[in-house]
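The values are calculated or read from the model by the stated rules, or taken from the named source; none is laboratory data. It should be emphasised that the depicted structure is a prediction, and the values quoted were computed from it without experimental measurement. With ideal geometry, Cβ positions are generated from the backbone for all residues, glycine too; neighbour counts draw on all protein chains shown.
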Amino acid sequence: MPYCVKCGSPVKDTDKFCRVCGAAVPKVSSEEFSVAGSKLVDKVTELLHEGNVTRVIVKDETGKTLLEIPATIGVIGVVIAPWAVALGAIAALVANCRIVVERRE
């Protein structure tokens with residue numbers, strides 16, 4: 001489910017405007033990567049630095065969501081440290097995982 005870029009409230013895929021704040025909802029596309037647990041932190045860090053990423057979701061092999069990182073965290077470098085620690089812990093626990101990346105068009 002996508003979120004409003006202005007207020008952060010959930011919006012439906014068919015909505016053109018946020019029901020809470022009235023902001024226009026940009027079109028969002030998603031892309032999925034499969035990576036080994038040892039390369040998880042590097043890949044997520046690389047994705048967050050791209051700029052047009054709105055959200056990164058880390059899932060295990062069965063599709064269970066392990067971690068969701070909003071794009072605003074990627075903009076602020078100091079705040080990324082706790083996310084990197086969490087990613088490191090996830091990487092130690094899973095052999096393979098999937099990364100779902102949501103981008104604004």
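Restricted to segment 1-43, and to residues there that are polar (S, T, N, Q) and exposed (fewer than 12 other Cβ atoms within 10 Å of the Cβ), the residue that is farthest from the chain's Cα centre (by Cα) is Thr14. Take the residues of segment 44-64 that are over 11 Å from the mean Cα position of the chain (by Cα) and modelled with pLDDT of 80 or more: which is surrounded by the most Cβ atoms within 10 Å (Cβ to Cβ)? Checking each candidate, the answer is Asp60.
Is segment 71-84 home to any residue that is at pLDDT 75 or above, under 15 Å from the mean Cα position of the chain (by Cα), on the phi < 0 side of the Ramachandran plot and not in a helix (DSSP H, G or I)? No, segment 71-84 has no match at all. For Ser38, are the conditions met, namely being polar (S, T, N, Q) and in contact (Cβ under 8 Å) with a residue 40 or more places away in the chain? Yes: the conditions hold for Ser38. Among the criteria (1) out of contact with any Lys or Arg (no Cβ under 7 Å at 6 or more places or on another chain); (2) modelled with pLDDT under 80; (3) hydrophobic (A, V, I, L, M, F, W, C), the one Leu67 does not fulfil is (2). Among the residues of segment 15-37, the one identified as within 16 Å of Leu67 (Cα to Cα) and modelled with pLDDT under 80 is Gly37.
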